[in-house]
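Peer 1: Take this structure, written in structure tokens, and hold onto it; I'll ask about it next.
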């Protein structure tokens, strides 16, 4: 297959963080990971979709699954371009495309689906949408990013089921944070109805559940279905509730739930 850059592993891509492009039926799914993350975060969703026979594209967003310094050289325009290139690969093979995003991947998903022709747009699932960072986190990140020092700060491993650890760097590049915050502002400021399934973990400390759900109701409108996952953290497909989350997403995309 002739794959775009976003669907090919970057140089020195850590094991488990590779993108995926799988040919299946004429129904496709674009699956997008989060900021500083990799396809590993959403691979359980992709695995289940492949078993259902979908054509699936799970790209590496620009600068990700490489080095934290590589990510610091990118902006949300680059991340969106990666998603759009993967979508173009799907469009060449599918009659319609569903969309699944995790965290920042939800923001990119909403930018894309709001521009899609209705006849090509399938269903939309948003997992832990990164609509708003907590103030205690947002303010210092923005301050140091504008200061220009330090360039990178560390972050702790998330607490995941069975002691899982994400592959790749565990750090936040601060220049890229400013672009991430600009992306948040752009998406949250655009109030347009989207009939999406929104799942958010009640124990999410990265993107607090209550404010994110309130924003989802405000910007997506009454057509959105918003469900809270009890006890779950941010990386929903990799939490103890992951199997249920994946099952809900697959059922939603298949039209098996209203």
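The values are calculated or read from the model by the stated rules, or taken from the named source; none is laboratory data. Given the structure is predicted, the values throughout are model-derived calculations rather than measurements. Please note: Cβ atoms are built from the backbone with ideal geometry, for glycine as well, and neighbour counts cover all protein chains shown.
Peer 1: Return only the number of the condition from (1) without any contact (Cβ under 8 Å) to a residue 24 or more places away in the chain; (2) under 20 Å from residue 180 (Cα atoms) that residue 114 does not satisfy.
Peer 2: (1)
Peer 1: Which residues, counting only those in the range 60-111, are more than 30 Å from residue 145 (Cα to Cα), without any contact (Cβ under 8 Å) to a residue 60 or more places away in the chain and within 15 Å of the chain's Cα centre (by Cα)?
Peer 2: 87
Peer 1: Do any residues in the range 123-148 that are at pLDDT below 80 have Cβ atoms under 6 Å from those of residues that are surrounded by 12 or more Cβ atoms within 10 Å (Cβ to Cβ) and in a helix (DSSP H, G or I), where the two are at least six apart or on different chains, and which pairs are they?
Peer 2: Between residues of the range 123-148 that are at pLDDT below 80 and residues that are surrounded by 12 or more Cβ atoms within 10 Å (Cβ to Cβ) and in a helix (DSSP H, G or I), the close pairs are 141/177; 144/174; 145/174; 145/177; 145/178.
Peer 1: Looking at (1) at pLDDT 95 or above; (2) in a loop (DSSP other than H, G, I, E, B); (3) crowded, with 18+ Cβ neighbours inside 10 Å, which is the only condition residue 66 fails?
Peer 2: All conditions are met except number (1).
Peer 1: Let me ask something else about it. Within the bounds of the range 188-196, is there any residue that is in a helix (DSSP H, G or I) and out of contact with any helix residue (DSSP H, G or I) (no Cβ under 9 Å at 6 or more places or on another chain)?
Peer 2: No, the range 188-196 contains no residue that is in a helix (DSSP H, G or I) and out of contact with any helix residue (DSSP H, G or I) (no Cβ under 9 Å at 6 or more places or on another chain).
Peer 1: Go through the range 115-129 and give me each residue that's surrounded by 24 or more Cβ atoms within 10 Å (Cβ to Cβ) and in a loop (DSSP other than H, G, I, E, B).
Peer 2: Within the range 115-129, 128, 129 qualify.
Peer 1: It is to be established whether one or more residues within the range 134-154 are within 21 Å of residue 209 (Cβ to Cβ), over 16 Å from the mean Cα position of the chain (by Cα) and assigned to a loop (DSSP other than H, G, I, E, B).
Peer 2: Looking through the range 134-154, at least one residue is within 21 Å of residue 209 (Cβ to Cβ), over 16 Å from the mean Cα position of the chain (by Cα) and assigned to a loop (DSSP other than H, G, I, E, B).
Peer 1: Another question, if that's okay. Could you grab me the full set of residues in the range 69-82 that are surrounded by fewer than 23 Cβ atoms within 10 Å (Cβ to Cβ), part of a helix (DSSP H, G or I) and modelled with pLDDT of 95 or more?
Peer 2: 77, 78, 80, 81
Peer 1: Which numbered condition trips up residue 37, out of (1) assigned to a helix (DSSP H, G or I); (2) touching a residue at least 40 places away in the same chain (Cβ under 8 Å); (3) in contact with a strand residue (DSSP E or B) (Cβ under 8 Å, 6 or more places away or on another chain)?
Peer 2: (1) is the only condition that residue 37 fails.
Peer 1: Name every residue in the range 214-237 that is crowded, with 20+ Cβ neighbours inside 10 Å, over 16 Å from the mean Cα position of the chain (by Cα) and not in a strand (DSSP E or B), in order of residue number.
Peer 2: Listed by number, the residues that qualify are 220, 232.
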